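Right, one structure below, let's go through it.
The values are calculated or read from the model by the stated rules, or taken from the named source; none is laboratory data. Just so it is clear, the structure is predicted and the values come from calculations on it, not from any experiment. We place every Cβ from the backbone using ideal geometry, glycine too, and count neighbours over all the protein chains shown.
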Amino acid sequence: MSASASSLSVVHSKSKRAAVLGQTLEAATRYLEELESRGVGPSPQAVAALAEVQGPLPESSTDDCEVVELLDKHGSPATVGMAGGRFFGFVIGGTVPAALAASWLVSTWDQNAGLWVTSPAAAALEETALEWVREMLGLPAGTGGAVVTGATVANFTALAAARHSLLEKAGWDVENDGLFGAPELRVVVSEEAHPSLLKSLAMLGLGKNRVIRVPVDGQGRMRADALPHMDERTMVCIQAGNVNTGAFDPAAAICPEARAAGAWIHVDGAFGLWAAAAPDYRPLVHGFELADSWATDAHKWPNIGYDCGLALVREPETLRAAMGMRAAYLGRGDRREPSDYTPELSRRARGVELWAGLRSLGREGMAGIVERTCAHARRFAVELRAAGYEILNDVVLNQVLVSFGSPEKTRRTIERIQADGGCWCGPTVWQGKTAMRISVSSWATTDEDVERSIAAMRRAAEN
């Protein structure tokens, strides 16, 4: 190909790029505008139509605009309306507009956020966002951390720092020498520990079955009076926000005892830690600031979007020691290097989306999300109880557990709700009782959404 032909090809490609981005904007805007009028779950027909975009890889190229058209035509109808106000499953919140826009811009920038030199913008904005999170959660000055992919990796990352610290104090270099022959560590968890915490312990070589499980009360809170013996080789993992009830372990009773014993205290607070952002709910997190590490997930309450978990450590050097890496080609300066604190080297500039969402919300906006969603949860509980259905938990936060009667009736009701499309809730089993879980987490949920959803729930239960 001649130089002139190559130049024309580049110009043509840039023109096509502008066209496909414009087409995508139109499709995305239309999708969001139609969320209120469509069912939350996809129809069986929409799911069946996904067959049109499956099959073998084409031999020849496909026009970019045609690719987006196929995605929108067959993909959009088969999605679950998590970005709207009537999705109440899995403690998931829709993305706030500024974070959504930042996500588009981050993809446009196409930055590798692993090192300062590869993206000063990504590194600086991530560092700022982490400090904002620390302040909002009321954590100790000097706390540092990392923006990772989600709460599971956040737990893994923070617990890697715990493993490093405890074994270093015992005279063992776990990063270089591994766990073979290492001093034994004891891990204490609640009987209500989330599976993602246990998965993280498994990935760290500490095992799911070797943990010491502490009994819980009727709301799923760890019983401080049932704690085992702890020492300087113990990790104690407590929970801020039970995934079913929203309840908080009694950190103010547990943490002083654990700290006195020299144990490392880790907090799994995927959504509950954000209660600190709202004055009325801040007392729930009293005592959690005494921990050594914290894991949370910004796709839940801050409503930042996916791929945005947070691992925070009181002494960030322990995290750097556990996660840092060196190579001759990795230029290092005096600045904070993001990859020194995360499992990845090459990574998306996800901290930019966190910065954008928090900048747009501010303290008042973040408090508003917590307060509104918790108020919606209380309304669900009050109205469903008044309709004759059993509420199984104390509604202290944004989680509501509902029984519609027998396990069979409750499961049938949930299936009807999902098929109806008026809202979406999922099943759970709480202390032996089948229930529907309502997790109100989205900035987009309105009073009207709650009213429509209660009507859908009653309609499903009464059929």
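If only one of Leu358, Leu354 is in contact with an Asp or Glu (Cβ under 8 Å, 6 or more places away or on another chain) and of a type in the set (A, V, I, L, M), which one is it? Matching residue, one of Leu358, Leu354: Leu354. Applying the criterion of being of a type in the set (Gly, Ala, Ser) and surrounded by fewer than 17 Cβ atoms within 10 Å (Cβ to Cβ) to the residues of the stretch 28-41, the residue that is nearest to Gly84 (Cα to Cα) is Ser37.
Residue-level check: of (1) touching a residue at least 12 places away in the same chain (Cβ under 8 Å); (2) surrounded by fewer than 24 Cβ atoms within 10 Å (Cβ to Cβ), Ile265 misses just (2).
Return a yes/no flag: does the stretch 173-180 have any residue that is among the acidic types (Asp, Glu), surrounded by fewer than 23 Cβ atoms within 10 Å (Cβ to Cβ) and within 26 Å of Gly241 (Cα to Cα). Taking every residue of the stretch 173-180 in turn, none turns out to be among the acidic types (Asp, Glu), surrounded by fewer than 23 Cβ atoms within 10 Å (Cβ to Cβ) and within 26 Å of Gly241 (Cα to Cα).
Restricting the stretch 77-100 to residues that are buried (at least 20 other Cβ atoms within 10 Å of the Cβ) and of a type in the set (Phe, Trp, Tyr), the residue that is farthest from Glu36 (Cα to Cα) is Phe88.
Please enumerate the residues belonging to the stretch 17-37 that are under 21 Å from Val96 (Cβ atoms) and either touching a residue at least 24 places away in the same chain (Cβ under 8 Å) or of a type outside the set (Gly, Ala, Ser) (or both). Across the stretch 17-37, the qualifying residues are Thr24, Leu25, Ala27, Thr29, Arg30, Tyr31, Leu32, Glu33, Glu34, Leu35, Glu36.
Within the stretch 437-463, if we keep just the residues that are under 26 Å from Leu358 (Cβ atoms) and among the hydroxyl-bearing types (Ser, Thr, Tyr), the residue that is surrounded by the fewest Cβ atoms within 10 Å (Cβ to Cβ) turns out to be Thr446.
One residue stands out in the stretch 378-406 among those that are in a helix (DSSP H, G or I) and loosely packed, with under 15 Cβ neighbours inside 10 Å: the one that is farthest from the chain's Cα centre (by Cα), namely Ala386. The condition of being closer than 30 Å to Asp449 by Cβ, in a loop (DSSP other than H, G, I, E, B), at pLDDT 95 or above and β-branched (Val, Ile, Thr) holds for Val40.
Residues of the stretch 257-284 that are touching a strand residue (DSSP E or B) at 6+ places or on another chain (Cβ under 7 Å), over 21 Å from Ala161 (Cβ atoms) and aliphatic (A, V, I, L, M): Leu284 alone. Entry remark, the stretch 101-148: residues being in contact with a strand residue (DSSP E or B) (Cβ under 9 Å, 6 or more places away or on another chain), buried (at least 21 other Cβ atoms within 10 Å of the Cβ) and either without any contact (Cβ under 8 Å) to a residue 40 or more places away in the chain or not small (Gly, Ala, Ser) (or both) number 8 in total.
Arg282 falls short on exactly one of the conditions (1) under 26 Å from Val395 (Cβ atoms); (2) of a type in the set (Lys, Arg); (3) touching an Asp or Glu at 6+ places or on another chain (Cβ under 8 Å), and that condition is (3).
Considering only residues that are over 25 Å from the mean Cα position of the chain (by Cα) and not in a strand (DSSP E or B), which ones fall in the stretch 418-434? Those that are over 25 Å from the mean Cα position of the chain (by Cα) and not in a strand (DSSP E or B): Ala419, Asp420, Gly432. In the stretch 299-311, the condition of being at positive phi and either at pLDDT 95 or above or assigned to a helix (DSSP H, G or I) (or both) is met by at least one residue.
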